[in-house]
Amino acid sequence: MKNKTAEPLELAHYINKFLSEYAPSHLTNSDNTLDSYGTALTLYMGYLETQRGITPDKFSPECFDQQHIEGWLEWLSGERKCGAGSVPKNSSSQKWSMACVMDM
């Protein structure tokens with residue numbers, strides 16, 4: 001991703017491709033799991049915008065570094081008050097999603 005103005009669109013394309021093509025054919029055929037991946041990504045992007053001030057037009061691969069992911073997990077358990085079972089599930093969904101998106 002070289003062009004900074006094209007990065008958010010390219011990243012959105014890869015996320016969509018992950019959710020609609022890669023995950024269903026390589027990771028799971030469970031609609032519930034696929035929904036979890038989408039929910040985790042939606043929550044994460046909402047976190048980036050509301051807590052980090054990173055609007056969708058500024059999304060880049062750097063948004064998915066360890067510092068941002070750890071901050072999101074703390075936000076889930078703290079401000080969102082997600083239970084102990086939800087945070088690991090969201091974390092797993094996020095890690096799988098981001099690993100696959102970044103490999104595409």
What single numbered condition from (1) assigned to a helix (DSSP H, G or I); (2) exposed (fewer than 11 other Cβ atoms within 10 Å of the Cβ); (3) not hydrophobic (A, V, I, L, M, F, W, C) fails to hold for Thr50?
(2)
Could you grab me the full set of residues in segment 53-65 that are farther than 18 Å from Tyr14 by Cα and surrounded by 15 or more Cβ atoms within 10 Å (Cβ to Cβ)?
Ile54
Search segment 66-104 for residues being modelled with pLDDT of 65 or more and acidic (Asp, Glu), and hand back the single one that is surrounded by the most Cβ atoms within 10 Å (Cβ to Cβ).
Glu74
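Quick one: in segment 24-47, which of the residues that are within 23 Å of Leu76 (Cβ to Cβ) and more than 13 Å from the chain's Cα centre (by Cα) is surrounded by the fewest Cβ atoms within 10 Å (Cβ to Cβ)? Talk me through it step by step, then tell me what you get.
From segment 24-47, those within 23 Å of Leu76 (Cβ to Cβ) are 27-28, 30-47; that's our starting set.
Filter once more, so that each one left must be more than 13 Å from the chain's Cα centre (by Cα): 27-28, 30-33.
Values: Leu27: 15, Thr28: 14, Ser30: 11, Asp31: 9, Asn32: 7, Thr33: 17.
Per the stated criteria, the residue is Asn32.
The values are calculated or read from the model by the stated rules, or taken from the named source; none is laboratory data. Quantities reported herein were computed from a predicted structural model and do not represent experimental measurements. Cβ coordinates were reconstructed from backbone atoms using ideal geometry, including for glycine residues, and neighbour counts include every protein chain displayed.
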